[in-house]
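Down below is the structure, laid out as C-alpha cells.
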Amino acid sequence: MTTMSGDLRERLGAKCEMMDIPLMGVAPAERWDEAPFSPWVPEDFRPRSIWPEVRSVVVIGLPVDLPIVETAPSIYYHELYKTVNTLLDQSAYRLARFLDRNGHPSIYIPRDGYGSLSVLKSDPFAFFSHRHAAYLAGLGNFGVNNMLLTPSYGPRVRFTSIFTMAELPADEIMRGDLCTRCMRCSRSCPAGAIDDADYPEGLTDKDACTSYNASLAKRHASPCGWCIRVCPIGQDRERFDRGQAGLYERDEVRPELHRAWKHVRSHGSEQS
Ligand code: B12
C-alpha cells in the first residue's frame, strides 16, 4: 500500500495537469531531517512531527499573474490573492482525496495557517512552512526577498502541500542560485523589511512587513507584493513583455502601464 509507486506519481502529475496546476514536486518526509542550511526548520515544524505516518510530501504551486501583481496595492491583487488561496486549499484537499482513493491515506495542509495578521504579530510562524517544502521538493531556491524563486514564475507563485502515506519517487533539490542579488526587492520594500543578506541569514523583518500589510488590509488593498513584483527572475516576465529596465521606477518607460496601474489602484479600495 505504501510502496514506491512511479505509476501513481505519473497519474498524480496527469491529475495536476487536468486541474491546471503547473507546479508539482515531491519530497520524502525524511529530507527535513538533513538540514540543507542553517538555521533550519525546527523539529516540531517538520512533517513527521506533525503527522508521524507521512512518507512523502507533495507540493503544488499556482502562479499569481505579474500584470495583476503590478497593480498592487489594489483590490485587483487582493482578489487574485484570495482566489489563488482558495484554489490552493481546494486543490490540495482534492489531491489528498485522489491519493486516498488509490489506497494511500493522505491529508492536506492549508496554504497559510494563521487566523489574522494580529495573531502573526505575536507569533509570526505557521505550524508548517510551504516554501521550505517547495525547496525540498525541487521547485526552486531561496532569494534575498525570502521567497522561493522558481524558473517559470520567479517568486510569483504560491504553494501548498499534501502529506501522504504513499512512498512516491522524489524530485531532486534544485542546485545553484536563481537569485542574482540585484537587490531590487530590498530597495523597493515600502516597509524597509528586507536587508541585503541571503536567506536565511537575512530574514524579513516580519513585524515591519506584517504591520505594513495590516495597514493595507484596513483599506482592502493587501497584500503589498513589491518584493515579488520587481524580482527579475521568472519566464513569466518575458511572457508578459515586462523585461524593460526601469519599468517600475520611471513612468516614461511604459507610460500606458503606469496610467493603467493608477486607474486600477484608485477604485475599489479606500485611498490612503
Ligand atoms: C507568516 C507568513 C508571512 C509573514 C511573515 C513573513 C516571513 N518572511 O516569514 C508576513 C505576513 C509578513 C508574510 C508576508 C509575505 N508572504 Co508570507 N507567509 C507566511 C506563512 C503563513 C508562514 C511562514 C512560516 O512561518 N514559516 C515557518 C518558518 C519555519 O520559516 P522561517 O520563518 O523562514 O524560519 C526560518 C528561520 O526563522 C529559522 N529559525 C530560527 N529560529 C527559529 C525559531 C522558530 C520557532 C522557527 C519557526 C524558525 C526559526 O529557521 C527557519 C528556516 O530557515 C507562509 C505560509 C506557510 N504556512 O508556509 C506564507 C508564505 C511564506 N508567504 C508567501 C508570500 C508570497 C508572501 C508575500 C509576498 C505576500 C505579499 N505581500 O504579496 C509577503 C512577502 C514577505 C517577505 N519578503 O518575506 C508565500 C511564499 C511563496 C514563495 N514563492 O516563496 C507563502 C509560502 C504562502 C503560500 N502559501 O504560498 N508572510
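The values are calculated or read from the model by the stated rules, or taken from the named source; none is laboratory data. As the structure is a prediction and not an experimental result, all values here were calculated from the model. Neighbour counts run over all protein chains shown; Cβ positions are idealised from the backbone, glycine included. Side chains are part of the model used for accessible areas, which takes the heavy atoms of the whole protein and leaves out ligands, DNA and RNA. Shrake-Rupley method; radii C 1.70, N 1.55, O 1.52, S 1.80 Å.
Matching residues to (1) touching a Gly at 6+ places or on another chain (Cβ under 8 Å); (2) at pLDDT 95 or above; (3) surrounded by fewer than 15 Cβ atoms within 10 Å (Cβ to Cβ):
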| site | (1), (2), (3) |
| --- | --- |
| 173 | yes, yes, no |
| 179 | yes, yes, no |
| 184 | no, yes, no |
| 194 | yes, yes, no |
| 197 | no, no, yes |
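If you take the residues of the range 213-272 that are basic (Lys, Arg) and not in a loop (DSSP other than H, G, I, E, B), which of them is surrounded by the most Cβ atoms within 10 Å (Cβ to Cβ)?
As a first pass, look at the range 213-272 and keep what is basic (Lys, Arg): 218-219, 229, 237, 239, 242, 250, 254, 259, 262, 265.
Imposing the further condition that a residue be not in a loop (DSSP other than H, G, I, E, B) reduces the set to 218, 229, 237, 239, 259, 262, 265.
On the way: 218: 12, 229: 24, 237: 18, 239: 13, 259: 11, 262: 11, 265: 19.
The extreme case among them is 229.
Six or more apart or on different chains, Cβ under 7 Å: which pairs go from a residue in the range 200-215 that's closer than 25 Å to residue 75 by Cβ and in contact (Cβ under 8 Å) with a residue 60 or more places away in the chain to one that's more than 8 Å from the ligand (Cβ to nearest atom) and open to solvent by 50 Å² or more (accessible area, probe 1.4 Å)? Could you list them?
210/121
Taking the conditions exactly as written (over 20 Å from residue 213 (Cα atoms), in contact with a helix residue (DSSP H, G or I) (Cβ under 6 Å, 6 or more places away or on another chain) and modelled with pLDDT of 95 or more), does residue 110 satisfy them or not?
On the way: over 20 Å from residue 213 (Cα atoms): yes; in contact with a helix residue (DSSP H, G or I) (Cβ under 6 Å, 6 or more places away or on another chain): yes; modelled with pLDDT of 95 or more: yes.
Spelling it out, residue 110 is indeed over 20 Å from residue 213 (Cα atoms), in contact with a helix residue (DSSP H, G or I) (Cβ under 6 Å, 6 or more places away or on another chain) and modelled with pLDDT of 95 or more.
Which numbered condition trips up residue 32, out of (1) part of a loop (DSSP other than H, G, I, E, B); (2) among the aromatic types (Phe, Trp, Tyr); (3) buried (at least 19 other Cβ atoms within 10 Å of the Cβ)?
In the conditions (1) part of a loop (DSSP other than H, G, I, E, B); (2) among the aromatic types (Phe, Trp, Tyr); (3) buried (at least 19 other Cβ atoms within 10 Å of the Cβ), residue 32 misses (1) alone.
Tell me, please, whether a residue that is at pLDDT 95 or above, touching a helix residue (DSSP H, G or I) at 6+ places or on another chain (Cβ under 7 Å), not in a loop (DSSP other than H, G, I, E, B) and not assigned by TED's automatic domain parsing to the domain that holds residue 221 can be found in the range 2-10.
Within the range 2-10, none of the residues are at pLDDT 95 or above, touching a helix residue (DSSP H, G or I) at 6+ places or on another chain (Cβ under 7 Å), not in a loop (DSSP other than H, G, I, E, B) and not assigned by TED's automatic domain parsing to the domain that holds residue 221.
Counting only residues that are away from the ligand (no atom under 12 Å from the Cβ) and open to solvent by less than 50 Å² (accessible area, probe 1.4 Å), give me the helices (runs of 4 or more DSSP H) lying completely in the range 71-161 with at least 3 of them. Spell out the reasoning first.
Values: elements: 75-101, 117-122, 130-136.
Result: 75-101.
Residue pairs, Cβ under 6 Å, 6 or more apart or interchain, first in the range 229-248 and under 21 Å from residue 259 (Cβ atoms), second not hydrophobic (A, V, I, L, M, F, W, C) and not in a loop (DSSP other than H, G, I, E, B). List them.
Cβ pairs passing all conditions: 230/184; 230/188; 240/67; 243/237.
Is there any pair linking a residue in the range 259-272 that is among the hydrophobic types (A, V, I, L, M, F, W, C) to one that is open to solvent by 100 Å² or more (accessible area, probe 1.4 Å), with Cβ under 7 Å and at least six apart or on different chains, and which?
264/76
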